1. Among the numbered conditions (1) surrounded by 12 or more Cβ atoms within 10 Å (Cβ to Cβ); (2) touching a residue at least 60 places away in the same chain (Cβ under 8 Å); (3) part of a helix (DSSP H, G or I), tell me where residue 179 comes up short.
2. For residue 211, which of the numbered conditions (1) farther than 27 Å from residue 301 by Cβ; (2) in contact with an Asp or Glu (Cβ under 9 Å, 6 or more places away or on another chain) fails to hold?
3. Being assigned to a helix (DSSP H, G or I) and not small (Gly, Ala, Ser) is the filter here, so list the residues in region 160-176 that pass it.
4. Of all helices (runs of 4 or more DSSP H) completely enclosed by region 19-137, which ones contain at least 1 residues that are in the same structural domain as residue 251 (by TED's automatic domain parsing), closer than 30 Å to residue 287 by Cβ and over 19 Å from the mean Cα position of the chain (by Cα)?
5. Does residue 137 satisfy the condition of being touching a Gly at 6+ places or on another chain (Cβ under 6 Å), touching a residue at least 12 places away in the same chain (Cβ under 8 Å) and not polar (S, T, N, Q)?
6. Starting from residues that are touching a residue at least 60 places away in the same chain (Cβ under 8 Å) and assigned to a helix (DSSP H, G or I), keep the ones in region 236-253 and report whichever is nearest to residue 178 (Cα to Cα).
7. Filter region 193-235 for residues that are part of a helix (DSSP H, G or I) and hydroxyl-bearing (Ser, Thr, Tyr); which is surrounded by the fewest Cβ atoms within 10 Å (Cβ to Cβ)?
8. Give the residue that is surrounded by the most Cβ atoms within 10 Å (Cβ to Cβ), with candidates limited to residues of region 138-156 that are basic (Lys, Arg) and in a loop (DSSP other than H, G, I, E, B).
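The values are calculated or read from the model by the stated rules, or taken from the named source; none is laboratory data. Because the structure is a prediction, the values reported are computed rather than measured. Methodologically, a virtual Cβ is constructed for each residue, glycine included, from the backbone with ideal geometry; neighbour enumeration extends over all protein chains shown.
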Amino acid sequence: MSSPIQFYRSFQSLMREHGIRHALTSGMACVEYGIQQNTKDTDWIIHPEDLDKLVALLFEHERGLTGNNWRVSYRALFGAPFLAEYHRGGWTTHIAIHDEADSPEHHLDFFGHPPRVRIEEVFADACGGLASRGVVAQMKKTDRDKDWPFVNGLAMQVCLAGDSSGLLHLRELEILKQTWNHCDKSTRTTLALSRPLLNCLDNTPNSSLERLLLIERSIWECVNRERYRIYQHEWKEFYRRWQRDAVGEWPTAEPFHSQHQRVCEAVNRFALPPAPIAPESVRHALYQSGIARTVALTAATPVEIEKVAMPLETILP
């Protein structure tokens, strides 16, 4: 019986053999970086151009053509199929794999345009199929409380290695100020473009800085929640249209090959939007909704928002 970490490593080897550009991220990446003990799921960033290779790998192993005979299935979560246009548009694909008769169900999530990260940055910084600490930290800036300790832990590792880019994610105030003090003017200017709060470190009392950190985190959380709602809404509307055509239970009990064909036909026929937040107007409205929610939750003043609000292209690249 393969454990989650054993399966992830064997699956990664298969992706390498098939020439699939990939980077491990999220919880299992935190395990590899030594700041998380275990996780059941694996999250992968896949280059959208290589999704056909990934689908071929899954078909091959489901049919037992390599000696393996996996059970592969889409999962009962909202998300798009393995189609490049949907992954470029920010959708995620969720699947489950049983690689052995007595193995646990391995859950895998795949991103082609990961939230809060540019795909070109992922593969420029990835090492050995592992997303960089900066990429993982950026993806961990969600609306889940459990993710934020990992943001800080990854940032501390980056800073301790002498890399000032950790300042983009660090949340320990004293270490944040100490690291900032060692940066030259050019580095400060560059980093503050993405994280305006850094400009406040030199002349703001600690009590006010703690509040600014809280407001900054709330913006990340609220914008992420607004982003999620858009994708969730589009999936629900699509699924209602699909159900009216008697789709029945999803996922079906069919082999993955048939599931994949079925859902690919459905997203075309019942118009699941490939890129719900691609228009600049949508992204701007999403961002403003997140800011408004932050103001409502934290009673932040316009001056405080101006001090910490990151650029649109940083939070919604």
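1. Going through (1) surrounded by 12 or more Cβ atoms within 10 Å (Cβ to Cβ); (2) touching a residue at least 60 places away in the same chain (Cβ under 8 Å); (3) part of a helix (DSSP H, G or I) one by one, residue 179 breaks only (2).
2. The single condition residue 211 does not satisfy is (1).
3. 160, 167, 168, 173, 174, 175, 176
4. Of the helices (runs of 4 or more DSSP H) lying wholly inside region 19-137, none has at least 1 residues that are in the same structural domain as residue 251 (by TED's automatic domain parsing), closer than 30 Å to residue 287 by Cβ and over 19 Å from the mean Cα position of the chain (by Cα).
5. no
6. 236
7. 207
8. Taking the candidates together, the pick is 140.
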